[in-house]
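A short worksheet on the structure shown next.
The numbers here are math on the coordinates, done by the rules we state, and not lab data. Nothing here was measured: the structure is a model prediction, and the numbers come from that model. For neighbour counting, all protein chains shown are included, and Cβ atoms are generated from backbone atoms with ideal geometry for every residue, glycine included.
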């Protein structure tokens with residue numbers, strides 16, 4: 001990939017992130033800190049005891065990401081030839097983590113979910129994301145009004161994609177501390 005193409009990819013991903021709501025942007029940055037071990041999420045993101053408890057639970061739930069990364073990196077067959085064993089070993093943990101994130105009420109669309117999970121798990125996760133998102137969004141853990149909005153946010157094209165790009169994500173949003181103007 002040439003320098004110009006890489007810059008265009010980063011710019012495209014930056015624009016996509018900018019299109020998410022402030023709540024989604026904050027949750028994505030927090031989740032990347034937790035899931036990628038970038039920073040102390042408690043110190044950076046917890047605004048009170050409830051959010052600290054949520055982050056603590058997120059650290060525990062996100063332990064499944066290590067397993068998923070290993071399973072997905074080892075997957076070399078096309079999605080048409082995925083063994084049935086892979087469904088249980090990949091979808092179980094992916095559905096559990098996805099359900100946690102959607103139940104937090106801060107990801108409002110499939111686009112924001114996909115953006116986050118491509119960064120947490122890599123490009124190899126793309127074929128699995130529509131199924132995990134729809135499965136988790138349809139569970140009773142999600143309030144009915146949110147369930148409807150989440151399921152309506154996935155486009156037909158995303159749900160029925162004939163293939164997925166192997167290109168890894170380039171832009172990983174981080175916390176930006178604003179300085180006092182005074």
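Whole-Å semi-axes of segment 125-182's equivalent ellipsoid, largest first, each the root of 5 times a Cα gyration tensor eigenvalue?
Working: eigenvalues 177, 90, 19 Å².
In descending order, the three semi-axes are 30, 21, 10 Å.
So what is the 222 nm mean residue ellipticity for the chain from helices alone, if each DSSP H run of at least 4 adds -39500 (n - 2.57) and you divide by all residues, rounding to the nearest 500 deg cm²/dmol?
Values: 10 runs with 113 residues, N = 182.
Taken over the chain, the calculation gives -19000 deg cm²/dmol.
Can you tell me the FRET efficiency between residue 44 and residue 69 if r is taken as the Cβ-Cβ distance and R0 is 22 Å, rounded to the nearest 0.05? The partial results should precede the final answer.
Details: r = 23 Å, r/R0 = 1.04.
Computed FRET efficiency for residue 44 and residue 69: 0.45.
Return P(r) of segment 1-69 (all Cα-Cα pairs; 10 Å bins starting at 0; whole %; ordered from short to long distances).
Per 10 Å bin, starting at 0, the Cα pair percentages come out as 18, 37, 31, 11, 2.
Between residue 59 and residue 151, what is 0.36 nm times their sequence separation minus the Cα-Cα distance? Round to one decimal in nm. The partial results should precede the final answer.
Values: separation 92, 0.36 × 92 = 33.12 nm, distance 2.61 nm.
Result for the pair: 30.5 nm of gain on full extension.
Between 167, 56, 69, where does the largest GNM mean-square fluctuation fall for the chain, given springs only between Cα atoms within less than 10 Å?
Looking only at 167, 56, 69, the largest GNM fluctuation is found for 167.
I'd like the Kirkwood hydrodynamic radius of the chain, using the inverse of the mean 1/r over distinct C-alpha pairs, in Å. Intermediate results must be reported in sequence, preceding the final value.
Working: mean 1/r = 0.0578 Å⁻¹.
It is 17.3 Å.
Can you give the three extents of the C-alpha atoms in segment 85-182 along their principal axes, from longest to shortest, in whole Å?
Projected onto its principal axes, the Cα set of segment 85-182 covers 57, 34, 25 Å.
Identify which of 74, 122, 131 has the largest mean-square fluctuation in a Gaussian network model of the chain, with springs joining Cα atoms closer than 10 Å.
Per the Cα network of the chain with a 10 Å cutoff, 74 tops the list.
Please work out the C-alpha center-to-center distance from segment 149-174 to segment 85-130 and express it in whole Å.
About 10 Å separates the Cα centre of segment 149-174 from the one of segment 85-130.
Using a Gaussian network model on the chain with a 10 Å cutoff between Cα atoms, which of 50, 18, 137 fluctuates the most?
Checking each option, the largest mean-square fluctuation is seen for 50.
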